[in-house]
Amino acid sequence: MIAKETVISHKWQKRFIDLARFWAQFMTCDRAHVGAVIVRDKRVIASGYGGAPSGSHTCDQVGHAIFKGHCVRTVHAEMNAIAQAARFGPSVDGCDIYCTLMPCWNCAKMISAVGIARVYYEDVYHPEEWDFYKPLYENLKTLFIRLESPPETTGAAK
């Protein structure tokens, strides 16, 4: 399900999206820099960034594996965060996930399937494809919410 409006982030949302941005800088494919953080009760339980499966060659090492315009060598940040939770034990059911980029359709399906309640994201994934994908996202039980940074304030007025 897609939220009708963009939401201005509050301080906790800003902290978690900042953490997602931090993880994004470690992405090993230069086509995008995406990070994800899974949160329960204002606590980070898992995080991820886009990169090749552990022990595999990365795009930075051997180049991209392009198929239909997408690099398929990498595991997306959202999938890596879910995998980290699965590997080390915390349940993600009912959690929120903060992403620097709206999850692609494959990640969105997985996010919904594992029971993540809300996705907070900054930018839209492939907006040129949005007309096709929008009805599919709207049918998911997970709520997708675009975050907007709060307006900058000057020191003069509060």
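The values are calculated or read from the model by the stated rules, or taken from the named source; none is laboratory data. This is a predicted model, so every value here is computed, not measured. Please note: Cβ atoms are built from the backbone with ideal geometry, for glycine as well, and neighbour counts cover all protein chains shown. Each accessible area value is taken on the protein alone, full model and side chains, heavy atoms only, with ligands, DNA and RNA left out. Shrake-Rupley method; radii C 1.70, N 1.55, O 1.52, S 1.80 Å.
When residues of the stretch 109-130 are filtered for being part of a helix (DSSP H, G or I) and open to solvent by 60 Å² or more (accessible area, probe 1.4 Å), how many remain?
Here the count works out to 5.
Give me the helices (runs of 4 or more DSSP H) completely within the stretch 1-103, filtered to those with at least 2 residues that are under 20 Å from residue 123 (Cβ atoms), in contact (Cβ under 8 Å) with a residue 24 or more places away in the chain and of a type in the set (A, V, I, L, M), ordered by residue number.
Once the helices (runs of 4 or more DSSP H) in the stretch 1-103 are filtered for at least 2 residues that are under 20 Å from residue 123 (Cβ atoms), in contact (Cβ under 8 Å) with a residue 24 or more places away in the chain and of a type in the set (A, V, I, L, M), what remains is 11-24, 77-88.
Can you say whether residue 106 is open to solvent by 30 Å² or more (accessible area, probe 1.4 Å) and either touching a Leu at 6+ places or on another chain (Cβ under 7 Å) or touching a residue at least 40 places away in the same chain (Cβ under 8 Å) (or both), as far as the supplied structure shows?
Answer is no for this residue.
Would you call residue 87 surrounded by 14 or more Cβ atoms within 10 Å (Cβ to Cβ) and of a type in the set (Lys, Arg)?
Answer is no for this residue.
Picking from 133, 137, which residue would you name as being modelled with pLDDT under 90, open to solvent by less than 50 Å² (accessible area, probe 1.4 Å) and over 17 Å from residue 9 (Cβ atoms)?
Exactly one of 133, 137 is modelled with pLDDT under 90, open to solvent by less than 50 Å² (accessible area, probe 1.4 Å) and over 17 Å from residue 9 (Cβ atoms), namely 137.
For the list (1) more than 15 Å from the chain's Cα centre (by Cα); (2) in contact (Cβ under 8 Å) with a residue 60 or more places away in the chain, I need the number of the one condition that residue 130 fails.
So residue 130 meets the others, but not (2).
Filter the stretch 41-73 for residues that are closer than 14 Å to residue 103 by Cα and either open to solvent by less than 30 Å² (accessible area, probe 1.4 Å) or in contact with a Cys (Cβ under 8 Å, 6 or more places away or on another chain) (or both) and give the result.
Of everything in the stretch 41-73, those that are closer than 14 Å to residue 103 by Cα and either open to solvent by less than 30 Å² (accessible area, probe 1.4 Å) or in contact with a Cys (Cβ under 8 Å, 6 or more places away or on another chain) (or both) turn out to be 48, 50.
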